[in-house]
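The values are calculated or read from the model by the stated rules, or taken from the named source; none is laboratory data. Computed from a prediction, not measured in an experiment: that's the story for all the values here. Glycine also receives a Cβ, built like all others from the backbone with ideal geometry; neighbour counts cover every protein chain displayed. Surface accessibility is based on the protein's heavy atoms, side chains included, excluding ligands, DNA and RNA. Shrake-Rupley method; radii C 1.70, N 1.55, O 1.52, S 1.80 Å.
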Amino acid sequence: MALGRFDRNVIFGTIAGLNTALGSFLGSVIVARLLGPEGSGLVAVSIWLTGTCVTFADLGLPLTVSRFIPALSALRQEQEAAAFGRFFFRPLLMSAALVSVIFLALALFGAQWLRQTAGLHFFEGTNDSIWFAIAAVFAAQAVGNYGLAQLRGEQRFVDAARLSSLFLLVQLIGMAVGSVLNGAEGALFGYASGSFATFGTAWTLLRGDRTLDAALKARAWRFSLGAWWVGIVAAIVWSRTEIAFLDYWRGPAQTGHYAVALTLAQLASQAPLLMTGGLLSFFTERYALADRAGLRRAFLASTRFFGFVLLPTCFGMAAITPVMLP
């Protein structure tokens, strides 16, 4: 039964991740067609900024939820498993609120001060109201990521796939309508709507018992801060920081061209990466039950399968890119 659930989690976890990737890719196509390179560049820089800030603000808590809840459930500690996500949602919410306030302050009066005092010229030539849209994208992503982690921790991958499929359409329509009505700002508000699928799931965690054992809380915080630090380092080293440099030195049009090309390159590797969504929950459960043999079998099988999928998708994308990217 465990292997059957593992297969089901991988399939529906892949569907949920694929919807997210498709939303990002198709959304960039819509924005590029409707707003051109400059508008596409503004949207790309905004999404990069919010994604980076989410990494700094989430405190490693989404990964912690996905890691601990399956282990607690496997050990039949149902009360702790139910309270775990509720307890750690409030620190995440406070951290996200702090960053959102900073974005709102930039929208109201801080952006001009940054340009004049600090010499930072991001989004120069655009209305400062774009920071309202950036705040909306950040808040939706930060809370929505936590909600998705809760669904994964509870191994509700079917619900995650269903919600992401529904809101994929909402996101694409929102980006198209927003681009037509209000340019880059409207596109960003439309992009934020894609995270509402799991935003509501996280919001329900404000209700219910949050009581956790002190030793469990301490262990979870140690894991969370370690994961947070790794995430920050990865964001600095591996995130698309070059987008910020391109926007600063070359302007949004060059950024738009680069962002579309990079999106196509990353899309080629998405299929095997998206299939890893169900692995953490399954590995955690097997580890908690001391089933090292099952853990090893699943790891070897998944690694072989990912390699089998990765090579043809990458070379296939290279073959069709001249047609997709004139």
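Average projected area of the Cα convex hull of region 52-114, in nm²? Don't skip to the end; give the middle numbers.
Working: hull surface 18.7 nm².
Mean projected area of the Cα convex hull: 4.7 nm².
How much area per residue is accessible in region 32-82 when the probe is 1.4 Å and only protein heavy atoms are counted (Å²)? Before the final figure, lay out the partial values.
On the way: 1990 Å² over 51 residues.
Value for region 32-82: 39 Å² per residue.
What list of ³J(HN,Hα) values in whole Hz, one per residue of region 215-232 in order, does the Karplus curve 6.51 cos²θ - 1.76 cosθ + 1.60 (θ = phi - 60°) give from phi, with Gly and Pro shown as x?
Values per residue, Gly and Pro as x: 5, 5, 4, 5, 5, 5, 5, 4, 5, 4, 5, x, 5, 4, 5, 4, x, 5 Hz.
Heavy atoms only, probe 1.4 Å: what % of the accessible area of region 129-275 goes to carbon and sulfur, would you let me know?
Working: 4650 of 6880 Å².
After summing per-atom areas, the C and S share lands at 68 percent.
So between ASP128 and VAL233, what do we pick up on full extension, going 0.36 nm a residue minus the alpha carbon distance? Numbers along the way, then the final one.
Working: separation 105, 0.36 × 105 = 37.80 nm, distance 2.98 nm.
Stretched fully, the ASP128-VAL233 segment lengthens by 34.8 nm.
So if R0 is 22 Å, what FRET efficiency would ALA288 and GLU78 give, r being the distance between their Cβ atoms, rounded to the nearest 0.05? Could you put the intermediate results ahead of the total?
Details: r = 14 Å, r/R0 = 0.62.
My answer for the efficiency is 0.95.
I need the peptides 310-319, 76-85, 48-57 ranked by packing, meaning the mean over residues of other C-beta atoms within 10 angstrom, with the highest value on top. Walk me through the intermediate numbers first.
Details: 310-319: 12.5, 76-85: 17.8, 48-57: 19.9.
In decreasing order of mean packing, 310-319, 76-85, 48-57 become 48-57, 76-85, 310-319.
Using a ≥ b ≥ c from the Cα gyration tensor of region 120-245 (square roots of the eigenvalues), is it rounded, prolate or oblate, where a/c under 1.5 gives rounded and otherwise the larger of a/b and b/c decides, a/b for prolate?
oblate
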